[in-house]
Amino acid sequence: MGMDVIGRAPATEQGAMFRRSAWGWRALADYTMRIGGDVAAKCGYWHTNDGDGLDAEDSAALAEIIGQALESGEAERFVVERKAALDALPLVPCRFCEGTGVRNDDVGRKSGMVFKTVGPEEAERVDFPHPRIGQIGTCNACASAGMSRHPDTLYHLELEDIREWRAFLAACGGFEIH
Ligand SMILES: [Zn+2]
């Protein structure tokens, strides 16, 4: 599932459509609500495809607020601090192998994962030290590590997303979230 934010009366091509996956939209919408105050609050449904949105005047006001956050460095600070907080979250046990790194359910047994050796390439699929290289038994869900990054880390937000979002808001002439 993704989000298509459609410009009601775009002044430029950039204001016609703003599109993100569910992973790429959530943190951006949360940030918009966080800094957008009363203006952002006029849109009640930021996280669903119900067609809620803002009119032209409020979209322009929101673009102004976000533009100020970009210029002051506040937006960049938010992105950096958010990333640091996500990086600090503990790893969570993989639910497919119950934290063992060996997938022993029907899928794991039928495809022989329990007998395979964890190859060195599995280390490249995780961004933490892999604890099981060379051991017997694999899990395709967690690169056989038994653990994975906290699910919140899947929701990404870069400074470039905020810049692009501001440019859309400035040019959309009002928008609807679908
Ligand atoms: Zn696993």
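The values are calculated or read from the model by the stated rules, or taken from the named source; none is laboratory data. Being a predicted model, the structure only gives us computed values, none of them experimental. Neighbour counts run over all protein chains shown; Cβ positions are idealised from the backbone, glycine included. Protein only, heavy atoms only, side chains kept; ligands, DNA and RNA dropped before computing areas. Shrake-Rupley method; radii C 1.70, N 1.55, O 1.52, S 1.80 Å.
For the reader, a short list of remarks on this structure follows.
- With every protein chain in place, the chain: carbon and sulfur % of accessible area (1.4 Å): 53 percent
- The value of relative contact order for region 107-178, using C-alpha pairs under 8 Å at least six residues apart, is 23 percent.
- Kirkwood Rh, Cα atoms: Rg over Rh of the chain: 1.14
- For region 1-79, the gyration tensor built on C-alpha atoms gives a rounded shape. Its axis ratio a/c (a ≥ b ≥ c) stays under 1.5.
- Computed helical MRE - 222 nm, the chain, DSSP H runs ≥ 4 contributing -39500 (n - 2.57), nearest 500: -12500 deg cm²/dmol
- Between 0 and 90°, nearest 10: helix 74-87 axis offset from the chain longest Cα axis: 20 degrees
- Heavy-atom surface of region 91-149, accessible at 1.4 Å and reported per residue (Å²): 60 Å²
- Positive-end ranking of I133, L54, V5 along the dipole of the chain, with charges on Cβ about the Cα centre, is headed by I133.
- At q = 0.14, 0.17 Å⁻¹, base-10 log of I(q)/I(0) for region 91-149 (Debye sum, equal scatterers on each alpha carbon): -0.29, -0.43
- The long axis of helix 22-41 is offset from the longest Cα principal axis of the chain by roughly 30 degrees.
- Helix 56-72 and the long axis of the chain differ in direction by around 60°, with both axes built from C-alpha atoms.
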